[in-house]
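The values are calculated or read from the model by the stated rules, or taken from the named source; none is laboratory data. Computed from a prediction, not measured in an experiment: that's the story for all the values here. When we count neighbours, we look across all protein chains shown, and the Cβ atoms used for this are built from the backbone with ideal geometry, even at glycine. Quick note on the areas: whole protein, heavy atoms, side chains included, nothing else; ligands and nucleic acids left out. Shrake-Rupley method; radii C 1.70, N 1.55, O 1.52, S 1.80 Å.
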Amino acid sequence: MSRPELPIELAWGLLAAMSLLWIWLGRFWGRRARELDGFMVAGRNVGMALGAATAVATWITSNTTMLAPQLTLEFGVWGMLAYSTASLGLVAFAPLAARIRRLMPHGHTAAEFIHRRYGRACWVVFMAISLLYALAWLVSMGMAGGLLLETLSGIPYVQGMTLILGVCAVYTLVGGLYAVIGTDFIQSLVVLVGIVVVVVAVTQQVPIAEVHESVAAKRPALLQVFFPAALIAVFNNLLFGMGEVFHSNVWWSRALAMRPGVGGRAFALAGAIWLPVPIIAGFLGLAAVALGLPISRPDMVGPQVASAVLGSVGAVLVFLVVFASIASSIDSLLAATSDLVTKELVHRFWRRDADDAQLRKIAARSVVGAALLAWLLCLPKLGTLASVLFLAGPLVASTIWPIIAGLYWPRATASTALVAMIAGSSVGLWVYFGVGWFAASLASAVVSALVTAFGLSRSRRHAPFDFSTLASAEQHAT
Amino acid sequence: MLVVGAGTARAALAAPPPELEHPEQSASGALLVRFVGSPVQARHELELRAESSDTALQRYDGPGPSAYLSGLEVGAYSLRARVHDETGWSEWSAPSALRVEAPSHARVWASLVVGASTFLATLGLIVFGVRRTRSRELGLQSGDDAA
């Protein structure tokens, strides 16, 4: 691959400028994060624009910008279309977000809902899934940050990874969810504008009709309507994405942080904004074919096209987009993981009598702890750690139906939810190792759905759950 | 003999051809081919032909250490490569076989049908849940109003 023309000095300068900007913005937006609710749920007063922007920014990871062109190059038009269906996770979560905000006006985490709705046993399984998934996502983002900065500019892996984790930890520590949501707004603008500028510049050089003609001549299979290898995984990936959004505290904390009446519309809008992003970014994969670029590494095809068309300006744009997209995910994960550790582990078991001021301090320390743990796991640069995120697919897919049933069906029982999550995860993992990743999340979701549906059909004899009990703040008696 | 001798003399001057490392089979028609034993920054040429044809279908001309090919139809192919250094092009490597075999249609349709059913059922559960909850809340509200 022809190396993107980004000198290391310029890369360090850009990193320094952006890092200072994020930290300053984090301090600015986070000045109201002195109280626990300010730190963990941004005062529960996030409006439509910031709410939609934070959902978009968090869901745009380095994968969205870097993997979409690769998937398009591998699976053709279906690659970009299949990736864009991940937006349906946000859209489908919209009504749930509204319901969560209404049911739990004083809530803090997804696990708190599971504990109060389904009890301790479900909570244990759910926490194991949540923490494994959050850590895997955090580590994969930290590693992606180090690797991409190294590839794009030559900044050594450890230095790039340390800087990106460190900067995100600093502004999350200073400003909590206020800082995360505020910086997400700017980061989403950087990412969206960057991608659009690159793609518009590419289409100026190779019009879409020419790209189509070239791909049809050189790699016609990429335009096939029936592309078996791509179609076989479409719904598996869709359900994986839904599981990610439905269970993760990253999204629940946002739902709880939004003003009443905002969450549903904000998530639906975020899904609509996110939908075309993989299609636009994926177009770069097809443009690479039309431009006749020698593709040495498929994961770097996006930067390669940007550099080929825009020279060093393209390399700078890609660098900014990558840094912003990774930071917007890492900060959200640090905040959400800190919430889980503070409220679900420390407050529930260790410091039951802690007041809000003490919990605020514990939450800040948890951000540092999560960042340090992620840094340690990123340090050895183990490629296999990234695959843990894919392994989490069947686990998170098993939570979809128990969560929906728990939010809307008063007679959904704890035993149904527990069996659904355990059976779904077990079958999904068995399929993952026995058949392949492309069917694991689907198998898990199917089993979990069948168990939940069976449980709901036999739930008439159970006493209904009183949803109004969720409205009060959770008490941890000493 | 003369021909072989000339070839031997040329081979002594030019770099040996790279060895190719790649999966023998691909389901998606895409694969990463690694060049082994050649300088990474050197210019490499990779040629892909359908087994039944003499015409090159795809050609990679760029630096190492790998080349990415995609968009291959189902079928059997052969790959060969050479590397360029200051003395010129190396010989072509020995042909290396590749098979593109897509998942069966039955498996794809089964995935699509089961996947679509699960996804639609999930959406249905949400929609039904929202409507059920709304009508219950409205019922409670009208009950309160009547009281």
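General remarks:
- The listed residues are B:Leu79, B:Leu112, B:Leu138, B:Leu123, and the only one of them that is more than 14 Å from chain A (Cβ to nearest Cβ) and in a helix (DSSP H, G or I) turns out to be B:Leu138.
- Selection count where residues are within 10 Å of chain A (Cβ to nearest Cβ) and open to solvent by 10 Å² or more (accessible area, probe 1.4 Å), scope the range B:42-59: 5
- Index of the failed condition, A:Ile155 passing every other in (1) surrounded by fewer than 24 Cβ atoms within 10 Å (Cβ to Cβ); (2) of a type outside the set (Ser, Thr, Tyr); (3) in contact (Cβ under 8 Å) with a residue 12 or more places away in the chain; (4) assigned to a helix (DSSP H, G or I): (4)
- Qualifying helices (runs of 4 or more DSSP H) (wholly inside the range A:212-269; at least 1 residues being charged (D, E, K, R)): A:234-247, A:249-257
- The residue that is surrounded by the fewest Cβ atoms within 10 Å (Cβ to Cβ), among those in the range A:278-300 that are in contact with a Phe, Trp or Tyr (Cβ under 9 Å, 6 or more places away or on another chain) and within 21 Å of A:Trp59 (Cβ to Cβ), is A:Ile279.
- Filtering the range A:119-153 to residues that are closer than 27 Å to A:Phe390 by Cβ and among the hydroxyl-bearing types (Ser, Thr, Tyr) leaves A:Ser130, A:Tyr133, A:Ser140, A:Thr151.
- Unique residue being buried (at least 20 other Cβ atoms within 10 Å of the Cβ), in contact with a Lys or Arg (Cβ under 8 Å, 6 or more places away or on another chain) and within 14 Å of chain B (Cβ to nearest Cβ) when the list is A:Ala94, A:Ala98, A:Ala82, A:Ala55: A:Ala94
- Within the set A:Leu269, A:Leu256, A:Leu291, the sole residue that is under 23 Å from the mean Cα position of the chain (by Cα) and more than 17 Å from A:Val191 (Cβ to Cβ) turns out to be A:Leu256.
- Close pairs (8 angstrom Cβ cut-off, 6 or more residues apart or separate chains): over 19 Å from A:Pro228 (Cα atoms) and in the same structural domain as B:Glu24 (by TED's automatic domain parsing) in the range B:102-124, assigned to a helix (DSSP H, G or I) and at pLDDT 95 or above anywhere: none
- Any hit, the range A:101-113, residues being β-branched (Val, Ile, Thr) and assigned to a helix (DSSP H, G or I): no
- Evaluated against (1) open to solvent by 10 Å² or more (accessible area, probe 1.4 Å); (2) in contact with a Ser or Thr (Cβ under 7 Å, 6 or more places away or on another chain), A:Met141 falls short on exactly one condition, (1).
This table checks each residue for (1) open to solvent by 20 Å² or more (accessible area, probe 1.4 Å); (2) within 14 Å of chain B (Cβ to nearest Cβ).
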position: A:Arg351; (1), (2): yes, no
position: A:Ala354; (1), (2): no, no
position: A:Arg360; (1), (2): yes, no
position: A:Ala363; (1), (2): no, no
position: A:Val367; (1), (2): no, no
position: A:Leu376; (1), (2): yes, no
position: A:Ala392; (1), (2): no, no
position: A:Ser398; (1), (2): no, yes
position: A:Ala405; (1), (2): no, yes
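- Residue match in the range A:408-423 (condition: within 29 Å of A:Arg352 (Cβ to Cβ), away from chain B (no Cβ under 13 Å), in a loop (DSSP other than H, G, I, E, B) and open to solvent by less than 70 Å² (accessible area, probe 1.4 Å)): yes
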